[in-house]
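All of the numbers you see were taken from the coordinates with simple rules; none came from a lab. Owing to the predicted nature of the structure, the values given are computational and were not obtained by experimental measurement. Note: ideal-geometry Cβ built from the backbone for every residue, glycine included; neighbour counts use all protein chains shown.
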C-alpha cells in the first residue's frame, strides 16, 4: 500500500517523514504517536502500534492499531481494505476402452494469486491447466486431449485468475468520472469434437447494499459493469485475439471503491485456450486536479497534470522556435 501522488503541502511531507522516523525506531519502543493533519495516509509495515491525532483535538487518537497484523489504509476520509488476488484450476477426464475404465477429477487454488497448475494423461485423454495473478496481470491457460480410435471418453479443464483492489480518488467534491485501459490477448484452438472459450469481467463496487426495487443508494454506490466479454470456439479451428479494452465508471470523491477483474479460460475434448490480461496499473485517467490512492500501490494516474502539460507545451515551443531559426539561417 502506498500513495501514488506526491504530497504537495509541507504539513503532509512532514507527517510522512515523521512516520518513516517512527517506524525506524519502533524496535526501541512499544508504540509511537504521530501528530498529523487531516487526510494523511500512512503505510504501516513495521512491528509495533501507531496512532494519528488531529492537532488540537480534544478526543482520542484518530487512528490506532497494531501493525503486526495487516491493516487497511486509514485516513480522516475513510479506509481502504486490502487488495486481494486468487487463482484456481480444475480438470477432469473419463474413458472406457475395452476392459479399461477410468474417471478422474481434481482442482487446486491459491488464495494469493500464486501460480497453480495441474495435469493428467490417461489412455490418450488428458488435461493441463494453469492460472496466476502477478503485479496486476492475470493469466489463465488450459489444454485438453481426446483420444481417437476404439472406445469413448472426454476431458475438460478450467482456469480462473482474479484480482481486486480498493481505491480512493480525492481532489474534488461530489461525483466524478474516471476510466482505465488495458490489453487482452490470447489464443484458442478447438478440435472436431471439442471446444475452447474464455470470459473476462471487470466491475466496480463500494460494498454498499443497493436494492433494484427500491433506490437506497446514490449513483456512485451502485455496482457498475465496466467490461464483460465472453467468446467460444467449437469445431476444428483456431482464433487469435489482441484487443484493447477500456472501461469508465462514476465515483464519489473521498469514498473508497473496489475494482475487480476475473479472467477464465476453459476447454474440452482437444481444445486449448491461453489468455492474458494486462495490468491497469498505468492507465487510470482521472478528472483534472484529482489524485489516486490504491491499496496495492500498483496504480498511477495516466494523464499528466496541468503543470506537466504547460512544461511540455513550453518545451515544444522552444524546439519549434529553434527549428524556425535554423531554417532562417543562410546556407
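Remarks
- Unique residue being outside any strand (DSSP E or B) and surrounded by fewer than 19 Cβ atoms within 10 Å (Cβ to Cβ) when the list is 114, 109, 179: 114
- Scanning the range 252-293 for residues being in a loop (DSSP other than H, G, I, E, B) and over 20 Å from residue 93 (Cβ atoms) gives a total of 15.
- Annotation note: of 129, 157, 147, the sole residue that is in contact (Cβ under 8 Å) with a residue 12 or more places away in the chain, surrounded by 14 or more Cβ atoms within 10 Å (Cβ to Cβ), over 20 Å from the mean Cα position of the chain (by Cα) and part of a loop (DSSP other than H, G, I, E, B) is 147.
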